[in-house]
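Some notes on the structure that comes next.
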């Protein structure tokens, strides 16, 4: 089922409570609730001294492909047989309601597409002319971890591909230790790194570079400042993504 038809016909068929906020959000791939913009003084930090302010990360939709039963996928390695450039994902969660301190014990779910734009757990037709594939019995590139005392979770994955009309991204859903949802958001990638991967890496170059820039993306165009990650490394050695997500807990 193509993304552009998902909200029109797929929502009722799936019957998933997790994607209910998508109704009416086709124009911009995020929910209609205004993003939280709480600002506080960052008086604490882990491993260094810093000051300033922090703003709650922008709220977005879980998208048309959220993990159906995230509690079943408590794992740090989410590759699950998918080929691509290795990517280590390091996400730190901080609490805007506690002087921007690290939030330990938070549940962090992530999910993203394959090198050529497919998602697991759904029958998917990515942009770019690839055939529809039934991945309803697969669970690749999805996982859950609990933040440590530094608010950090780490996942082993692959560099995600892209599909039209979205810029490359990772979905993230943050819960408190009791399982109450705190934030659904998305993580953007630096364009120069994406261009390198998509034009030189074996599993990506046939698909080419993304057709949508971060600044033109329906999600990131108005929220890139809180959702752009830092990515270092190389195609040969793999990449490391680091990103801090601020929530009101």
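What follows draws every value from the coordinates through simple rules; no lab data is involved. The structure displayed is predicted, hence computed values, not measured ones. Note that each Cβ is placed from the backbone with ideal geometry, even for glycine, and that neighbours are counted across all protein chains shown.
Scaling the Cα radius of gyration of segment 132-249 by the globular reference 2.2 N^0.38 Å produces a ratio of 1.14. In angstrom, the C-alpha Rg and Dmax of segment 166-214 are 14.9, 44.
Take each peptide in 175-181, 114-120, count the other Cβ atoms within 10 Å of every residue, and average; sorted highest first, the result is 114-120, 175-181. Under conditions of 25 °C and 0.890 mPa s, segment 106-158 yields 196 µm² s⁻¹ as its translational diffusion coefficient, taking Rh as the Kirkwood radius over Cα pairs in the Stokes-Einstein equation. Alpha-carbon geometry of segment 45-160: the Rg and the Dmax are 16.4, 51 Å, given in that order.
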